[in-house]
1. Since SER126 meets every condition but one in (1) more than 18 Å from LEU191 (Cα to Cα); (2) without any contact (Cβ under 8 Å) to a residue 60 or more places away in the chain, which condition does it not meet?
2. Can you tell me which residue is farthest from the chain's Cα centre (by Cα) among those in the stretch 330-359 that are loosely packed, with under 14 Cβ neighbours inside 10 Å and of a type in the set (A, V, I, L, M)?
3. For the stretch 279-326, enumerate the residues that are at pLDDT below 90 and either surrounded by 20 or more Cβ atoms within 10 Å (Cβ to Cβ) or at positive phi (or both).
4. Taking the criterion of being in contact with a Gly (Cβ under 6 Å, 6 or more places away or on another chain) and in a helix (DSSP H, G or I), would at least one residue in the stretch 186-195 satisfy it?
5. Can you tell me which residue within the stretch 176-192, out of those that are in contact (Cβ under 8 Å) with a residue 60 or more places away in the chain and farther than 16 Å from PHE217 by Cα, is farthest from the chain's Cα centre (by Cα)?
6. Of all residues in the stretch 44-78 being charged (D, E, K, R) and without any contact (Cβ under 8 Å) to a residue 24 or more places away in the chain, which is surrounded by the fewest Cβ atoms within 10 Å (Cβ to Cβ)?
7. Would you mind telling me which numbered condition in (1) buried (at least 16 other Cβ atoms within 10 Å of the Cβ); (2) in contact (Cβ under 8 Å) with a residue 40 or more places away in the chain ILE104 fails?
8. With the checklist (1) over 20 Å from TYR151 (Cβ atoms); (2) buried (at least 21 other Cβ atoms within 10 Å of the Cβ) in hand, flag the one item GLU229 doesn't pass.
Amino acid sequence: MMLNINLGKQIIQNFTTFAFSGEFLSLIQIIIFVLILMSGVTIGVLVIVWLERKISAAMQQRIGPEYAGPSGIIQALADGTKLFLKENIIPSQGDYNLFNIGPILVIVPVFSSYLVIPFEYNVILSNLGIGVFFWIAISSVVPLGLLMAGYGSNNKYSFLGGLRAAAQSISYEIPLAPSVLSVALQLSNSLSTVDIVEAQSKYGFWSWNLWRQPIGFIVFSISSLAECERLPFDLPEAEEESVAGYQTEYSGIKFALFYLASYLNLLVSSLFVTILYLGGWHFPLPSFMDLINVDWNPIIHEITHVTNIVSGIIITIVKAYLFLFICIMTRWTLPRIRIDQLLNLGWKFLLPIALGNLLLTASLQLLLL
């Protein structure tokens, strides 16, 4: 009995020591930041869905959602609740394990991409030295999940959609990588997302990589749209051809995961366009702290510091949503291309241009040394 009491005291003492240690508090802090980030980007996706419905309705002279909340602003939330409550159906002749693992392999890498996205200089979960490379590498896992979902459904249309997704991703990840390398080579000599943004702050608006790497910007934008499977590049889930592709046999929450992953990926691509080419959180105007002298009062200095952080986050989000507006306009303007045209565009047009741009950038760097 005495042994049990001493063992219990030892366990309590060890747990108390661990609970108040720096490692435990750091773990709790990381978990809180991850939950805040996941909640924020999920809300951002709901805003994107609402904007897409309203913008497409305006382009087609329709009203769009208007009954679920003011101007239909919670229509996407209502759709998500409906999908969450729907029955989860699994094909009787499909592969149970692949069918269930597919949505997980799609959603987890997309969420992981937000780890290296800086919304402001100090607002980033992990400032990796290879941040952009991490995003390219982790996004390469998504086509594997789509292929597993299509094959596990035991449906020829689903399998065809999975094969198209894998071929499309490989075709457009290759020209996307040289575009990123051109930015890192010419301006920042780093793959850190924070360093790339800071390298665009020297001369204001004219420091943006949009003007220094216009060819890379065009290649990156087109490749990002293809990576997100947006029109005119939505061949993996072309409704008229593949009956929604790899999503055909999915319902309920698993279908919602695919739907959420597609818009999360679109938001990730828009944020990376902002970081790589549009100056990130920098704006061609002086900050509030530069306009007034606040060194005499530490309280006012802290308030202005927080104000600049919030304004930097807002600037980053606004730039990303401006690019999202272009993506939405593109979807409801251009027709879908054929699969052979899609592959030819990636391999025969974008890849040579991206490699030529990288070669030109490297040559200029050697001449300037």
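The values are calculated or read from the model by the stated rules, or taken from the named source; none is laboratory data. Values in this document were obtained by computation on a predicted structure and should not be read as measured data. Neighbour counts are summed over all protein chains in view; Cβ atoms, including those assigned to glycine, are modelled from backbone coordinates with ideal geometry.
1. (1)
2. Among those residues, the one meeting the criterion is LEU359.
3. Of everything in the stretch 279-326, those that are at pLDDT below 90 and either surrounded by 20 or more Cβ atoms within 10 Å (Cβ to Cβ) or at positive phi (or both) turn out to be GLY279, GLY280, TRP281, HIS282, GLY312.
4. The answer is yes, given that some residue of the stretch 186-195 is in contact with a Gly (Cβ under 6 Å, 6 or more places away or on another chain) and in a helix (DSSP H, G or I).
5. Only one residue fits best here, namely SER190.
6. Checking each candidate, the answer is ARG62.
7. (1)
8. (1)
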